[in-house]
Structure formats: C-alpha cells, structure tokens
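Novice: The structure is given below, and queries will be raised subsequently.
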Amino acid sequence: MINPLAYIHPDARIGENVEIGPFVYIDKNVVIGDNNIIMANVNILYGSRIGNGNTIFPGAVIGAIPQDLKFRGEETTVEIGDNNKIRENVTINRGTAAKMKTVVGNNNLLMESVHVAHDCIIGSNCIIGNSTKFGGEVVVDDNAIISASVLSHQFCHIGGYVMVQGGARFSKDIPPFIIAGRDPIEYSGINLVGLRRRQYSDEQIEDIHNVYRLIYQSGLNITEALAKVEKEVPMSKDIEYIVNFIRSSKRGIIK
C-alpha cells in the first residue's frame, strides 16, 4: 500500500490500510490514522495529525509553517478529522502561538487550491469551493457552503448553514442560515434550499426568517433588533445560536 517512491520519516506514525502514492513526503512528528488514501506528490509536514478515512489528492500540502512573520517555530499542529476529501493543491498551514493549532473537522470537501491559513477552525460537513482562501484565525461553523474564489479576511467568523456566493470577498462576519452575495457582499435572504435539505420545518424556517427581518429590514440598530428578537421570536437553539453569534461578533456582521 506504500509506493517505494514515497518518503516516510521513520518517526512518523502511519495507521492501518493506508495507501501512499509515489513522491509523497511524510515528515517526522506526523500521525496518520487508518484507511486514508494519500495520492502522488502530497506533502504532509511536521506537526500534522490526520484522522481516518480521508482522501488527499495530488499536490496538497498539509502542515506547512504559517505565512505569518510572527511565527517563531512554536510547536504547533494541524489537526484533520475523519472522512474529508482534500482536493488537488489544497494548502493547510499549521497553527501559531495564537491558538497553537489549525483544525479541520469531519466530512468536509475542500476543493482544488483552497487555502486554510494558520489557526483557522473549519467545522464539519462543509463544502469549500475551488480557490477559496481563508486568512488566519478564520472560523467556519458546521454545514457551511462557501463557493469558489471566495476571499475571507483574517479573524472572520462564518456561521453554519450559510451559502456564500462565488467570488465574494469580505472582512466582517457572516451570520448563520443566510445567503451572502452581491458585490460588495451583503445579506441576500435566508438559505431556504439548504434549510429544507436539512429537514428544517416551515415553522423553524419562519422563525429564522423573522429574526433576520428584524436584524436587516426593521431599521433598528443591532442592539435594538436583538432585544426585539428576544421578545418577539420563540427562543430555540437556532435562534439562540443567531443571537449569540451576532452578540459575540468582534468584527461586526455583513450589511
């Protein structure tokens, strides 16, 4: 299962039933779980931790040092979960002293040439389109769909169940359950198709819609709109998620 043209450092730990193609480079201080497929010309570098059942396509680089001049060689990691598809030429850098690790969860599809910078946290069940780039310390919550060629400023937070239009660029947070699009980027409605695919009921969808009517269409400032949400919209874990997301936003949310 290991091609003789691959290089594996003797200190690397490789699980069972792992396929490793030609010209793969696996560095020391690397741990790879079971049932992974690592195709030709992949580089898995110092500090990488890879779970089970992942497929990593040719040219991907996992665990390269951060593109951050503050990095001083700290002992940091990249931690990738299970059952991810990491397509051609994806780059995932390891962490810095800020968070000490970069994390990619489970069941994600990272399409060709995606870049995940230092200290990012990507949740689970996300789809990230071709050539999308995340700056340092970006957080993407579960079940987000981010289209191709999206540029995210460092420190942004992207909520769960969103759909972000291809080619978008932004420097503010994108709250959950919405479609974000146009240029400049703005709120473009709730992600109705995505919510229906996830078996959200009409009542749940209507409550989410009512929240965003108050936030984006009432003319109230954010503080007033959130106070009105808490009074008028039945509280549930989804509504709580939206309120807490917006309240905790450090960069502010898109318009």
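Novice: Could you tell me which numbered condition Ile205 fails, if it satisfies all but one of (1) assigned to a loop (DSSP other than H, G, I, E, B); (2) in contact with a Lys or Arg (Cβ under 9 Å, 6 or more places away or on another chain); (3) not small (Gly, Ala, Ser)?
Specialist: Result: Ile205 fails condition (1) only.
Novice: For Ala98, work out the one condition from (1) closer than 16 Å to Ser152 by Cβ; (2) in a loop (DSSP other than H, G, I, E, B); (3) hydrophobic (A, V, I, L, M, F, W, C) it doesn't fulfil.
Specialist: Among (1) closer than 16 Å to Ser152 by Cβ; (2) in a loop (DSSP other than H, G, I, E, B); (3) hydrophobic (A, V, I, L, M, F, W, C), the lone unmet condition for Ala98 is (1).
Novice: Moving on. Need pairs with beta-carbon distance below 9 Å; first residue assigned by TED's automatic domain parsing to the domain that holds Thr77 and within region 113-131, second outside any loop (DSSP other than H, G, I, E, B) and of a type in the set (Phe, Trp, Tyr); sequence gap 6+ or separate chains.
Specialist: Val114/Phe134; His115/Phe134; Val116/Phe134; Ala117/Phe134; Cys120/Phe134; Ile122/Phe134; Ile128/Phe134
Novice: Return yes or no: is Phe134 more than 25 Å from Glu88 (Cα to Cα) and of a type in the set (Phe, Trp, Tyr)?
Specialist: When the stated conditions are applied, Phe134 does not pass them.
Novice: Could I ask something else about it? Considering only residues that are on the phi > 0 side of the Ramachandran plot and either without any contact (Cβ under 8 Å) to a residue 40 or more places away in the chain or in a helix (DSSP H, G or I) (or both), which ones fall in region 177-202?
Specialist: Arg182, Gly189, Gln199
Novice: Only one of these is in a loop (DSSP other than H, G, I, E, B) and more than 26 Å from Gly135 (Cβ to Cβ): Asn35, Asn29, Asn89. Name it.
Specialist: Residue meeting the stated conditions: Asn35.
Novice: Scan region 38-59 for residues that are aliphatic (A, V, I, L, M) and part of a loop (DSSP other than H, G, I, E, B) and jot them down.
Specialist: Within region 38-59, Met39, Ala40, Val42, Leu45 meet the criteria.
Novice: Here is a further query. Which residues, counting only those in region 216-248, are surrounded by 17 or more Cβ atoms within 10 Å (Cβ to Cβ), touching a residue at least 24 places away in the same chain (Cβ under 8 Å) and over 13 Å from Phe177 (Cα atoms)?
Specialist: Listed by number, the residues that qualify are Tyr216, Val233.
The values are calculated or read from the model by the stated rules, or taken from the named source; none is laboratory data. Quick caveat: nothing in here was measured; it's all calculated off a predicted structure. Note: ideal-geometry Cβ built from the backbone for every residue, glycine included; neighbour counts use all protein chains shown.
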